[in-house]
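Colleague: Please read through the structure below; I'll follow up with questions.
Just so you know, all these numbers are worked out from the coordinates, no wet-lab data involved. No experiment lies behind these values; they were computed from the predicted model shown. Methodologically, a virtual Cβ is constructed for each residue, glycine included, from the backbone with ideal geometry; neighbour enumeration extends over all protein chains shown.
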Amino acid sequence: MYLGLLHCSKPFLLALKTEGMPFLNIEIKAKCDDAGFIRNYLLLKGAEFRGVDEQTDTYFNVSRGRLKLREGNIENNLIYYERNNQPGPKNSHFHLLKIADANGLKEVLTKSIGVKVIVRKKREIYYIKNVKFHIDDVPGLGSFIEIEAGNILADISQEKLKEQCEFYLEEFDVKETDLIEKSYSDMLLDKIN
């Protein structure tokens, strides 16, 4: 895997090149009025608690998809992903690159393609097998639950990933009106504009 900056007639564009296909998550984001209920459910079901991550996601200007640099005390990655904005389960095709020097990379990306928006959040991270759960507190936006059923840890079909998300939606009693179609970055940009 390598990261290269390409100079075109437009401002600098970022190209992520990887071997093979991107990974797939089926993702759900919803408002969360009772984080205690979700937390207790996960712990009673034997979820692995990975910790609380104070994350800063810097989104950069790209011509398609989304590119963010995640800096946290648990996760530090450059993530490129393509996902449609829609409520309920949605496909997210992504490339993930672990980053050792986040400050240096952020400086290069900021100077070359520019920052779109910065999202800060406190994130509790849990896993049940291949399903990752986030309980997020995002200043200015509120509290949310995210469910990500992914094939990064196992070879699982898209249909099975969707079934896993729908199962947990039901278990958490998430109402259709609580489903969020947008990323936190889009939500913050809507608030700013």
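Colleague: So what are the ³J(HN,Hα) numbers for region 98-103, from phi and the Karplus equation (6.51, -1.76, 1.60; θ = phi - 60°), rounded to whole Hz, Gly and Pro as x?
Modeller: Couplings: 5, 10, 8, 10, 5, 4 Hz.
Colleague: Tell me which label goes with the value of Kirkwood radius over Cα pairs in Å computed from the coordinates here: [x] 19.4; [y] 18.3; [z] 17.5.
Modeller: Working out Kirkwood radius over Cα pairs in Å from the coordinates points to [z].
Colleague: Let me ask you something else. Test of understanding: ordering Asp101, Asp57, Asp155 by Cβ neighbours within 10 Å, fewest first, what list do you get?
Modeller: Asp155, Asp101, Asp57
Colleague: Follow-up. Of the candidates Tyr126, Tyr59, Tyr41, which one comes out as most mobile in a Gaussian network treatment of the chain with C-alpha springs shorter than 10 Å?
Modeller: Tyr41
Colleague: Pick out, from Tyr184, Phe60, Phe23, the residue whose Cα sits farthest towards the positive end of the charge dipole of region 2-192, with +1 on the Cβ of Lys and Arg and -1 on the Cβ of Asp and Glu.
Modeller: Farthest along the dipole direction, towards plus: Phe60.
Colleague: Using the Cβ atoms and a cut-off under 14 Å, what net charge is assigned to the surroundings of Thr177, where Lys and Arg are +1 and Asp and Glu are -1?
Modeller: So the environment of Thr177 carries a net charge of -2.
Colleague: Kindly write out, for region 139-151 in residue order, the coupling ³J(HN,Hα) from the Karplus curve 6.51 cos²θ - 1.76 cosθ + 1.60 (θ = phi - 60°), rounded to whole Hz, with x marking Gly and Pro.
Modeller: x, x, 10, x, 10, 9, 10, 10, 10, 10, 8, x, 9
Colleague: Dipole magnitude of region 49-193 about its Cα centre, charges +1 at Lys/Arg Cβ and -1 at Asp/Glu Cβ only, in debye to the nearest 20?
Modeller: Once rounded to the nearest 20, the dipole reads 640 debye.
Colleague: Which one, Gln158, Gly72, Pro89, projects farthest toward the positive side of the charge dipole computed for region 43-193 from Cβ point charges (K/R +1, D/E -1)?
Modeller: The listed residue farthest towards the positive side: Gly72.
Colleague: Also, I was wondering about something else. For a protection proxy built on the mean count of beta-carbon atoms within 10 angstrom, sort 168-174, 68-74 highest first, please.
Modeller: Values: 168-174: 16.1, 68-74: 18.4.
The most tightly packed comes first, giving 68-74, 168-174.
Colleague: Okay, moving on. What order do you get for Glu75, Glu163 when you list them from fewest to most C-beta neighbours inside 10 Å?
Modeller: Values: Glu75 18, Glu163 14.
Least to most surrounded, the residues fall as Glu163, Glu75.
Colleague: Give me the tail of P(r) for region 45-145 as a percent: Cα-Cα pairs with distance above 16 Å.
Modeller: The calculated P(r) of region 45-145 puts 64 percent of pairs beyond 16 Å.
Colleague: Tabulate in residue order the Karplus-calculated ³J(HN,Hα) for region 25-38, using 6.51 cos²θ - 1.76 cosθ + 1.60 with θ = phi - 60°, rounded to whole Hz; enter x for Gly and Pro.
Modeller: 10, 9, 10, 9, 10, 8, 4, 10, 8, 9, 4, x, 4, 4
Colleague: Given H placed on each backbone N at 1.01 Å, which residues far from Arg50 in sequence or on other chains put an amide H within less than 5 Å of it?
Modeller: Excluding prolines and chain starts, which carry no amide H, the hits are Ile125, Tyr126, Tyr127.
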